[in-house]
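Input: a single structure, listed below in structure tokens.
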Amino acid sequence: MRRLFPVTEETAAQALGGGPEGEEAGGAAGARAARAPGESREWSLAELAAAYAYPEPAPGAPRTWLRANMVSSLDGAAQHEGRSQPISSATDMRIFGTLRALADVVLVGAETVRQEGYRPARARAEFAGARKAAGQGPVPAIAIVTASLELDFTLPLFTSPLVPTLILTGAAAAPDRVAAAEKAGARVLIAGAGMGVEPARAVQALADLGHTRLLTEGGPRLLGQLIAAEVLDELCLTISPTLTAGGAQRIAGGPSVAVPHRFELASLLEEDGFLFSRYRRPQNSGIIRSA
């Protein structure tokens, strides 16, 4: 079963508050109109793509849009035994694939690459036409955030991607590791003055390559850094109807922000107890970034 969470059109409109500047009608609001609460038909990939479409920038004013996609158990765990798969579902992975298909680039932390066994994005025939029309490559590039560049360059992420894997690191990164990454076919981007990566510089470095539709899949440490730097525009959060206990990480880690960042609900879907939420930065936040 796939349905919208039962909210009225009035409360939906209040939650949405209209789209970001330049966003076309349709999107989540159009999805609401197309699906009655309780309807059991599974959403098609085209419907999911419309519901999760990136905001359309105003003419002549391209800008980056960074969204995160994370999953959390009811008791706040982002992982179980180090991986997110045990608290995920088939529909969560369907949305995961749709979000990737819409993105120019997928931003991910090196530890998540190691723990989750990241592979290159695969081409999806269902999205090929839309990606071509949007001026995108066949798949999003994977962009790894790493200070040490301690990565296994024999993995498929480096040996067989459809588009070159990107590595974001600092200016003080070890030259031999940079050389090893470039020899493996990766493109290294400097996005920090020291060893580490500065989130705002990472976003700008990707935008300089023409990547303005950005997606991050964490992990928690990277997401915490993006939140603290106030570069996150949207959070797609799957709430899994599971309890894990233990000491698993939350979806975002690191130091807390001085003042909690308030986001607005954009859409909410439900299937078999899983909630698929989407929150956006308020329009009046005062934070504007251009590509």
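Could you identify the single residue in T216, T242, T238 that is more than 16 Å from the chain's Cα centre (by Cα) and open to solvent by less than 70 Å² (accessible area, probe 1.4 Å)?
When all the criteria are applied, what remains is T242.
Within the stretch 160-175, is there a residue that is touching a residue at least 40 places away in the same chain (Cβ under 8 Å), open to solvent by less than 10 Å² (accessible area, probe 1.4 Å) and assigned to a loop (DSSP other than H, G, I, E, B)?
Checked the stretch 160-175: at least one residue is touching a residue at least 40 places away in the same chain (Cβ under 8 Å), open to solvent by less than 10 Å² (accessible area, probe 1.4 Å) and assigned to a loop (DSSP other than H, G, I, E, B).
Would you be able to say whether some residue in the stretch 180-197 is out of contact with any Lys or Arg (no Cβ under 6 Å at 6 or more places or on another chain), modelled with pLDDT of 95 or more, outside any strand (DSSP E or B) and within 17 Å of E111 (Cα to Cα)?
Yes; the residues of the stretch 180-197 include at least one that is out of contact with any Lys or Arg (no Cβ under 6 Å at 6 or more places or on another chain), modelled with pLDDT of 95 or more, outside any strand (DSSP E or B) and within 17 Å of E111 (Cα to Cα).
Return the residue satisfying two criteria in turn: it lies in the stretch 251-275 and is closer than 27 Å to G82 by Cβ and in contact with a strand residue (DSSP E or B) (Cβ under 9 Å, 6 or more places away or on another chain), and of such residues it is surrounded by the most Cβ atoms within 10 Å (Cβ to Cβ).
If we take residues in the stretch 251-275 being closer than 27 Å to G82 by Cβ and in contact with a strand residue (DSSP E or B) (Cβ under 9 Å, 6 or more places away or on another chain), then A252 is surrounded by the most Cβ atoms within 10 Å (Cβ to Cβ).
This table checks each residue for (1) out of contact with any Lys or Arg (no Cβ under 6 Å at 6 or more places or on another chain); (2) more than 23 Å from Y54 (Cα to Cα); (3) in a strand (DSSP E or B); (4) modelled with pLDDT of 90 or more.
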position: I239; (1), (2), (3), (4): yes, no, yes, yes
position: T244; (1), (2), (3), (4): yes, yes, no, yes
position: Q249; (1), (2), (3), (4): yes, yes, no, no
position: V259; (1), (2), (3), (4): yes, yes, no, no
position: A266; (1), (2), (3), (4): no, no, yes, yes
position: L275; (1), (2), (3), (4): yes, no, yes, yes
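Keeping to the stretch 253-273, report how many residues are touching a residue at least 40 places away in the same chain (Cβ under 8 Å) and within 21 Å of the chain's Cα centre (by Cα).
Of the residues in the stretch 253-273, 8 are touching a residue at least 40 places away in the same chain (Cβ under 8 Å) and within 21 Å of the chain's Cα centre (by Cα).
Having 3 or more residues that are aliphatic (A, V, I, L, M) and either at pLDDT 50 or above or within 20 Å of R131 (Cα to Cα) (or both) is the bar; report the helices (runs of 4 or more DSSP H) wholly within the stretch 1-97 that clear it.
45-51
Find the residue count for the stretch 66-101, including only residues that are under 17 Å from S277 (Cβ atoms), open to solvent by 10 Å² or more (accessible area, probe 1.4 Å) and of a type in the set (A, V, I, L, M).
4
So, A141, is that one open to solvent by less than 20 Å² (accessible area, probe 1.4 Å) and among the small types (G, A, S) or not?
Yes, satisfied.
If you take the residues of the stretch 98-121 that are assigned to a loop (DSSP other than H, G, I, E, B) and touching a residue at least 24 places away in the same chain (Cβ under 8 Å), which of them is nearest to P55 (Cα to Cα)?
A103
The values are calculated or read from the model by the stated rules, or taken from the named source; none is laboratory data. Since we're looking at a predicted model, the values are computed, not measured. For neighbour counting, all protein chains shown are included, and Cβ atoms are generated from backbone atoms with ideal geometry for every residue, glycine included. Just so you know, the surface numbers come from the protein's heavy atoms only, side chains and all, with ligands and any DNA or RNA stripped out. Shrake-Rupley method; radii C 1.70, N 1.55, O 1.52, S 1.80 Å.
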